[in-house]
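The values are calculated or read from the model by the stated rules, or taken from the named source; none is laboratory data. What you see is a predicted model; the values in this text were computed from it and never measured. When we count neighbours, we look across all protein chains shown, and the Cβ atoms used for this are built from the backbone with ideal geometry, even at glycine.
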Amino acid sequence: MTDSPANATDTSSADIIDFLADLDPVSEISGPVARLRHNRTQARDNAQRSFHALFEPETPGDFTLAERYAVAAFVAGLHGGATAAARATSLYTDLLVDELDGNATETETNALITTLAAVVSDARAHVNAAGVPTPYGVYREPDLADESVPGPEFHLLEAQKKVLGSRLAAALEFTHLLVLHPRDSRAERLQPLADAGWSPTEVVRLGQLVSFLTFQIRTAHGLGVLATKFVPQGDVRRPGKHAGARQADAPQRPVHADAAPGTGVNAGFDVITYPDLVRPRGFVSHSLGWVPWVPPVEESDLTERQKVALVDPLRAKSEYFRLLARDPEALEARTLTDKDIFYNVTDGAGRAERELSAAVTSRFNGCVYCASVHTGRAIAESADDEDAAAKADAIQRLCDEGVSADLGSALWNAIRDASVALATVPVRFGAPHVTALRDAGLSGGEIIDVINAAAFFNWANRLMLSLGEPELPKRFR
């Protein structure tokens with residue numbers, strides 16, 4: 001078993017991000033970063049709470065714990081690198097093995113882990129052979145066609161599907177999209193999940209889980225680099241200690257029995273499409289609307305628990321938040337993480353710098369909706385600065401030119417570069433980015449704020465891209 005927190009089945013007390021980053025409050029090397037992270041107690045505690053909500057829920061429902069750990073091992077394996085992602089791969093693989101203990105034979109477990117390792121290896125090799133940067137993908141917006149980077153689609157082999165089952169196979173193909181090419185998200189990409197029997201609530205939970213992991217891995221990676229623990233390296237192909245089992249041992253029993261679409265209380269759903277929707281043509285710095293492809297909870301049907309999870313009562317008017325309210329525990333933990341990362345400015349980076357990190361990340365990942373919100377906020381948070389006009393111009397260049405745009409100062413360019421490096425797969429954030437941020441005047445605590453903001457928007461971008469699409473408000477048409 002991997003050197004997991006206490007052991008792979010006891011994740012109740014150890015902070016998972018600290019574990020993945022190899023942070024120890026009493027260490028001479030990593031202790032200062034571990035202690036600085038406690039300055040954002042709500043962000044730290046609710047990131048851990050998000051882990052518990054998504055991986056140790058009181059009622060897992062039809063999205064089984066084994067499926068959750070299998071998806072997580074796949075996400076971590078796709079990220080590759082001898083970094084926090086490698087520790088995450090081992091952790092989630094061991095959690096999967098422990099979950100299967102008593103429910104599958106050793107041969108079946110070994111075959112499942114071997115198949116999962118093969119799927120990871122095939123997926124990474126497929127992308128490497130194509131020679132495309134990750135994330136890649138084709139924009140929905142016509143004015144961004146020249147920025148599109150087409151890349152490989154990924155489908156599991158029939159033999160792999162036989163081991164994993166149609167439900168998990170559909171989930172892994174959707175996960176590949178979210179991790180490596182979220183710009184390719186379209187309404188029709190959800191249909192295989194619906195056909196495999198995934199309910200709207202399960203799709204939201206799957207999207208939250210995958211997107212959360214992209215945050216968790218990046219946060220841990222960034223903190224580890226800051227603590228001088230990790231240096232970005234090549235791919236890691238082996239998910240956990242069991243990857244040596246032979247593919248020939250493949251069992252006939254999948255992790256989850258195939259679900260018949262259209263049967264059962266929770267089976268399938270109708271994906272929502274909008275033939276007449278007026279969509280933005282490119283990146284903008286004004287507000288946009290957003291419409292869901294998965295049915296949200298109707299406002300009149302929100303339970304008291306779901307209303308509490310919204311945190312802000314006004315969010316009951318938002319289809320996006322009512323959609324995420326299908327998993328209220330995950331939504332509430334995510335919202336509280338968000339608020340501490342972006343609004344707690346005690347001993348930390350300025351609001352404008354955090355919004356800039358969110359805007360750059362969104363621009364790089366291709367989330368037109370998120371970029372519209374956070375470019376606008378970066379401008380607003382800089383409005384009282386002496387160089388407000390220059391900063392507004394820099395934000396407009398970011399919209400128009402992309403992440404190669406000169407943002408006008410050493411600090412903003414360092415934040416740009418760090419945010420982009422944190423968004424790549426594998427994550428490329430390293431010691432030179434920390435040096436540039438320090439040289440631009442940021443303290444260790446302020447660098448943690450930048451890491452948190454960039455990592456969080458890898459979570460947010462993937463939810464917004466995969467569950468719906470932006471709409472151009474009438475006043476801007």
Elements of type helices (runs of 4 or more DSSP H) contained in region 19-114, each with 2 or more residues being of a type in the set (Asp, Glu): 84-100
Working only within region 321-349, note down all residues that are closer than 19 Å to residue 203 by Cα and touching an Asp or Glu at 6+ places or on another chain (Cβ under 6 Å). none
Which condition does residue 25 not pass, out of (1) under 30 Å from residue 121 (Cα atoms); (2) touching a His at 6+ places or on another chain (Cβ under 9 Å); (3) not aromatic (Phe, Trp, Tyr), if it passes all the others? (1)
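A quick yes/no check of all residues on (1) over 30 Å from residue 420 (Cα atoms); (2) in contact (Cβ under 8 Å) with a residue 24 or more places away in the chain:
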| site | (1), (2) |
| --- | --- |
| 84 | no, yes |
| 97 | yes, yes |
| 103 | yes, yes |
| 111 | yes, yes |
| 115 | yes, yes |
| 120 | no, yes |
| 129 | no, no |
| 133 | no, yes |
Helices (runs of 4 or more DSSP H) wholly inside region 396-477 that include at least 3 residues being without any contact (Cβ under 8 Å) to a residue 60 or more places away in the chain and not assigned by TED's automatic domain parsing to the domain that holds residue 21: 410-423, 431-439
Only one of (1) surrounded by fewer than 16 Cβ atoms within 10 Å (Cβ to Cβ); (2) modelled with pLDDT of 95 or more; (3) under 21 Å from residue 428 (Cα atoms); (4) not β-branched (Val, Ile, Thr) does not apply to residue 151, and that is (1)
Would you confirm whether or not region 135-146 contains a residue that is without any contact (Cβ under 8 Å) to a residue 60 or more places away in the chain, over 21 Å from the mean Cα position of the chain (by Cα) and over 30 Å from residue 107 (Cα atoms)? yes
Residue check, residue 95 at pLDDT 95 or above and within 22 Å of residue 222 (Cβ to Cβ): no
Determine, yes or no, whether residue 347 is over 30 Å from residue 35 (Cα atoms) and among the acidic types (Asp, Glu). no
